[in-house]
Amino acid sequence: MTFDPSLVVGPELLAQHGIGVVAPFDFALDRELWRWTPDDVSLFMTRLPYVPVPVTVEMASALSDQSIVRQATRDVLAPEPLTVAYACASGSFIRGRAGELQLHESMLQAGAPVSTTTSGALVESLGLLGARRIAVVTPYIDAVTERLVSFLGEHGIDVVSSVGLGLLSHIWKVGYGEIVSAVSAVDCPEAEAVFISCTNVPTYDIIAPLEQMIGKPVLTANQVTMCSALRAMGRTASGPGQSLVGLAPFTAA
């Protein structure tokens with residue numbers, strides 16, 4: 001008996017296109033990123049170097065160092081991704097609007113065909129939704145949350161309420177229940193949308209239920225990152241019931 005590979009039907013036979021993902025050294029949610037990813041798109045992951053400090057302004061600043069971001073981008077280019085995403089919220093907002101633009105430029109200088117960052121993707125996503133007044137949930141200490149509020153203000157986005165969980169480590173261990181409670185507490189009539197920051201906060205399964213509960217879009221760090229990266233290569237993310245995924249326009253590659 002011989003094996004005929006032409007009879008095998010599955011996603012592994014689809015022509016694969018890729019997204020290069022530059023993530024922090026402690027990023028623990030690779031599988032969550034894949035959940036937004038169509039079967040014919042692969043993720044090529046790399047990590048930034050270890051930084052021996054808690055999740056503070058100092059850590060976020062270290063993770064946004066242009067030289068290490070350029071090197072990480074070069075590291076992920078070998079399998080020829082169509083776009084490269086810097087998947088770190090705090091690292092991309094910590095130096096303000098100018099710092100986020102510099103991250104884009106660093107990745108392009110390293111050879112990325114297209115680049116996106118989590119915080120830039122957030123601004124892009126809020127623009128698609130027409131939301132200019134938002135509530136924010138973060139896992140950070142106040143000093144880091146304040147940098148996010150300032151970054152959004154530079155883009156004309158008003159944070160009408162915010163809450164930070166005050167975590168200095170192990171953010172990926174935050175449970176869905178804690179996030180739902182924080183969203184319930186921070187949401188207010190003035191907010192046109194809610195944003196849950198940090199790519200290390202798991203959110204995929206609760207986005208659609210939260211939107212139904214509060215009656216407005218809920219955006220998350222991993223969601224906006226993946227939607228933006230996929231839009232850049234002319235694809236649409238997978239996220240049933242999520243407002244951003246439903247509104248994201250398809251752009252020809």
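Considering only residues in region 212-234 that are small (Gly, Ala, Ser) and either outside the structural domain of Trp172 (by the TED database) or in contact (Cβ under 8 Å) with a residue 40 or more places away in the chain (or both), the one that is farthest from Asp187 (Cα to Cα) turns out to be Gly234.
Looking only at region 188-234, residues that are assigned to a loop (DSSP other than H, G, I, E, B), farther than 20 Å from Leu167 by Cβ, out of contact with any Asp or Glu (no Cβ under 8 Å at 6 or more places or on another chain) and at pLDDT 95 or above come to 6 in all. Residues in region 188-201 that are surrounded by 22 or more Cβ atoms within 10 Å (Cβ to Cβ) and either without any contact (Cβ under 8 Å) to a residue 24 or more places away in the chain or within 12 Å of the chain's Cα centre (by Cα) (or both): 7 in all.
Of all the residues in region 30-54, those that are open to solvent by 20 Å² or more (accessible area, probe 1.4 Å) and touching a Phe, Trp or Tyr at 6+ places or on another chain (Cβ under 6 Å) number 3. Residues in region 116-148 that are touching a helix residue (DSSP H, G or I) at 6+ places or on another chain (Cβ under 6 Å) and of a type in the set (Val, Ile, Thr) were compared, and the one that is nearest to Ile214 (Cα to Cα) is Val137.
Of everything in region 16-38, what is part of a loop (DSSP other than H, G, I, E, B) and in contact with a Ser or Thr (Cβ under 9 Å, 6 or more places away or on another chain)? Give them in sequence order. Explain how you work it out, then say what you get.
We begin by selecting, within region 16-38, every residue part of a loop (DSSP other than H, G, I, E, B); these are 16, 24-29, 36-38.
If the condition is that a residue be part of a loop (DSSP other than H, G, I, E, B) and in contact with a Ser or Thr (Cβ under 9 Å, 6 or more places away or on another chain), then Gln16, Pro24, Asp26, Phe27, Leu29, Trp36, Thr37, Pro38 are the ones that fit.
Just one of the numbered conditions (1) modelled with pLDDT of 95 or more; (2) in contact with a Ser or Thr (Cβ under 8 Å, 6 or more places away or on another chain); (3) not acidic (Asp, Glu) is not true of Pro54: (1). Pairs are defined by a Cβ separation below 8 Å, a sequence spacing of at least 6 or placement on different chains, a first member in region 66-85 that is more than 25 Å from Asp40 (Cβ to Cβ), and a second member that is assigned to a loop (DSSP other than H, G, I, E, B) and open to solvent by 60 Å² or more (accessible area, probe 1.4 Å); the pairs so defined are Ile68/Pro49.
Does Ala237 satisfy the criteria of being in a loop (DSSP other than H, G, I, E, B), assigned by the TED database to the domain that holds Asp30 and either open to solvent by less than 50 Å² (accessible area, probe 1.4 Å) or at pLDDT 95 or above (or both)? Yes: the conditions hold for Ala237. For region 55-174, the helices (runs of 4 or more DSSP H) that sit wholly inside it and include 3 or more residues that are open to solvent by 20 Å² or more (accessible area, probe 1.4 Å) and more than 18 Å from Cys227 (Cβ to Cβ) are 57-63, 66-75, 96-109, 142-154.
Answer yes or no: is there a residue in region 168-178 that is at pLDDT 95 or above and among the hydroxyl-bearing types (Ser, Thr, Tyr). Checked against the condition, which is being at pLDDT 95 or above and among the hydroxyl-bearing types (Ser, Thr, Tyr), region 168-178 yields at least one hit. Annotation note: of Gly156, Gly164, the sole residue that is in contact (Cβ under 8 Å) with a residue 24 or more places away in the chain and on the phi > 0 side of the Ramachandran plot is Gly156.
The values are calculated or read from the model by the stated rules, or taken from the named source; none is laboratory data. Given the structure is predicted, the values throughout are model-derived calculations rather than measurements. Ideal geometry is used to build each Cβ from the backbone, glycine not excepted, and the neighbour counts take in all protein chains shown. Just so you know, the surface numbers come from the protein's heavy atoms only, side chains and all, with ligands and any DNA or RNA stripped out. Shrake-Rupley method; radii C 1.70, N 1.55, O 1.52, S 1.80 Å.
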